[in-house]
Amino acid sequence: MKQFTLERDFDAPIDEVWRAWTDPDQVGAWLHSAGGHTPRESIRFDVRPGGEYRYTMVNDETGSRYPTGGVFREVQEPTRLVFTWGHPDDDPDAAPVITLDLAPQGTGTRLTLHLAAIEDIPDPMDTLIRQGWATGFDQLGELLTGAAARR
Amino acid sequence: MVRATDELSRVFAALADPTRRDILSRLREHGPVTVGQLAAAYAMSRPAVSQHLRVLADAGLIVQDARAQWRECRLTDDGLTNARDWIERNRADWSQRLDNLATHLAGPATTAKTPAPPTNRRAR
């Protein structure tokens with residue numbers, strides 16, 4: 001099963017943590033991978049059940065673009081946010097789903113993030129091609145071994 | 001031996017182009033994509049992208065799945081490896097983002113963040 005849960009405590013009140021996830025002016029500041037940034041103009045957030053969101057992360061070095069988007073499934077401010085997550089063109093029903101649960105924890109907030117993917121049905125053609133590639137790779141290995149032995 | 005040499009040449013030809021290397025890297029890091037998504041990412045025409053994909057597919061490096069998405073062809077691609085890799089990759093990515101979030105929440109850029117005096121706990 002392609003799923004996992006992350007739990008993290010933040011030293012901020014629950015409404016601030018909620019806003020960091022749902023305010024388009026804040027999301028870009030932190031929602032990117034290492035070596036990338038998310039331009040504000042790429043961010044659209046319609047935070048309501050059925051509403052869409054999107055943003056694009058840009059690789060700092062190469063400039064190549066990684067659009068991300070999805071649909072909100074549940075919006076219960078400030079304790080629960082459920083949304084699909086993938087490429088904006090993906091069918092939301094097939095996209096992975098992120099579930100955020102927020103709870104006050106002392107003066108801070110405990111965030112639980114659960115990410116689950118819809119399982120792919122394997123394509124029989126994939127298996128045939130993989131087997132073919134595996135054979136080719138074995139022969140590549142022999143070829144390289146032979147070349148090394150002849151030196 | 002001739003067949004293996006041909007395959008080797010196709011792999012090297014496929015990897016000789018920086019855009020094709022970037023496409024492979026993108027598939028590895030971010031999962032399957034369509035031609036349209038690649039065309040947008042590289043600001044390239046679809047025929048130009050398709051040409052790159054054909055070279056990569058002929059070399060046996062990528063394959064198209066049931067949903068017309070291109071994905072990396074892996075040597076030992078059983079379901080368990082797939083799931084494990086997916087989990088590792090995404091867990092690491094999201095853990096990094098939550099680190100970023102902690103920094104963002106703590107930093108001066110956060111609006112109206114003044115430390116609450118100990119006697120002034122907010123009731124929730």
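Since every read-out is calculated from the coordinates, none of them should be taken as a lab result. Since this is a predicted model, take the numbers as computed values, not measurements. Note that each Cβ is placed from the backbone with ideal geometry, even for glycine, and that neighbours are counted across all protein chains shown.
Full extension of the chain between A:Asp60 and A:Thr79 yields a length gain of 3.5 nm, computed as 0.36 nm times the residue separation minus the alpha carbon distance.
Take the Cα of A:Arg40, step 7 Å toward its Cβ, do the same at B:Arg84, and the gap between the two points is 4.5 nm.
The HN-Hα couplings worked out from phi for the stretch A:74-85 by the Karplus form 6.51 cos²θ - 1.76 cosθ + 1.60 (θ = phi - 60°) are 9, 9, 10, 5, x, 9, 8, 9, 10, 8, 7, 8 Hz, whole numbers, x standing for Gly and Pro. Modelled spin-label separation between A:Asp25 and A:Asp11, with each label point placed 7 Å from Cα along the Cα-to-Cβ direction: 2.5 nm. For A:Arg73, the residues whose amide H sits under 5 Å from its own are A:Gly50, A:Val82, A:Phe83, A:Thr84, ignoring neighbours fewer than 5 places away on the same chain, with H placed 1.01 Å from N. The label-point distance for B:Asp17 and A:Phe4, in a model that sets each label 7 Å from Cα toward Cβ, rounds to 3.4 nm. In this structure the amide hydrogen of A:Ser64, modeled in the peptide plane, comes within under 5 Å of the amide hydrogens of A:Asn59, none closer than 5 places in sequence on its chain.
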